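A short worksheet on the structure shown next.
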Amino acid sequence: MTHRFAIRVYYEDTDMGGIVYHANFLKFIERARSEWVAGLGLDQNAMRDDGIVFAVRRVEADYMLPARYGDELEVRTTTASISGARLVMDQKVVRGEEILFTAQVTVACITMDGRPVRLPAGIRKIVN
């Protein structure tokens with residue numbers, strides 16, 4: 001299942017040339033992951049109250065084409081794999097069907113003091 005999240009490029013997202021600043025693609029995919037998790041019915045505030053949070057462990061990214069001021073983009077997120085304490089997602093930023101940016105993001109489930117912990121079974125079932 002692919003989650004889709006729409007983004008419009010604003011002036012603040014761009015550099016002097018009107019092209020999306022590279023680090024902003026990471027913001028775009030973070031927003032998409034947050035919306036995806038919320039759309040699955042997962043309450044990250046409740047998880048935090050239980051002492052568990054998600055932390056990005058690794059991002060592997062490729063910049064293919066520039067996005068520009070005014071573009072309407074879409075972030076597509078799919079689950080690549082799930083292991084004991086990790087969730088790996090593939091994310092693409094597209095303009096129409098043009099792929100502008102791809103990333104594979106690994107998030108780890110950790111305690112509030114930074115120790116790894118298994119993904120709760122309920123979360124595994126939902127994202128699998």
Sole miss for residue 40 among (1) within 22 Å of residue 14 (Cβ to Cβ); (2) in contact with a helix residue (DSSP H, G or I) (Cβ under 8 Å, 6 or more places away or on another chain) is condition (1)
- [ ] For the range 51-58, state whether one or more residues are part of a helix (DSSP H, G or I) and either modelled with pLDDT under 95 or out of contact with any strand residue (DSSP E or B) (no Cβ under 7 Å at 6 or more places or on another chain) (or both).
- [x] no
Across the range 45-76, the tally of residues that are more than 23 Å from residue 14 (Cβ to Cβ) and either buried (at least 16 other Cβ atoms within 10 Å of the Cβ) or touching a Ser or Thr at 6+ places or on another chain (Cβ under 8 Å) (or both) stands at 8
Restricted to the range 96-109 and to residues being over 17 Å from the mean Cα position of the chain (by Cα) and on the phi < 0 side of the Ramachandran plot, the residue surrounded by the fewest Cβ atoms within 10 Å (Cβ to Cβ) is 97
Restricting the range 1-36 to residues that are in a helix (DSSP H, G or I) and small (Gly, Ala, Ser), the one farthest from residue 77 (Cα to Cα) turns out to be 23
| request: Evaluate the following for residue 86: is it farther than 30 Å from residue 71 by Cα and free of Cβ contacts under 8 Å to residues at least 40 places away in the same chain? | output: yes
Here, strands (runs of 3 or more DSSP E) confined to the range 63-128 with at least 1 residues that are closer than 22 Å to residue 50 by Cα, of a type in the set (Ser, Thr, Tyr) and modelled with pLDDT of 95 or more are 98-111
Residue 92 fails exactly one of (1) crowded, with 16+ Cβ neighbours inside 10 Å; (2) touching a residue at least 24 places away in the same chain (Cβ under 8 Å); (3) not hydroxyl-bearing (Ser, Thr, Tyr), namely (2)
Contact list, first residue from the range 18-34 and more than 19 Å from residue 87 (Cα to Cα), second anywhere and surrounded by 16 or more Cβ atoms within 10 Å (Cβ to Cβ) and among the acidic types (Asp, Glu), beta-carbon distance below 9 Å, six or more apart or interchain, is 20/13; 20/71; 21/13; 24/13
Looking across the range 1-43 at residues that are over 11 Å from the mean Cα position of the chain (by Cα) and among the small types (Gly, Ala, Ser), the single one that is surrounded by the most Cβ atoms within 10 Å (Cβ to Cβ) is 18
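The values are calculated or read from the model by the stated rules, or taken from the named source; none is laboratory data. Predicted model, so just to flag it, every value in this text is computed and none were measured. Note: ideal-geometry Cβ built from the backbone for every residue, glycine included; neighbour counts use all protein chains shown.
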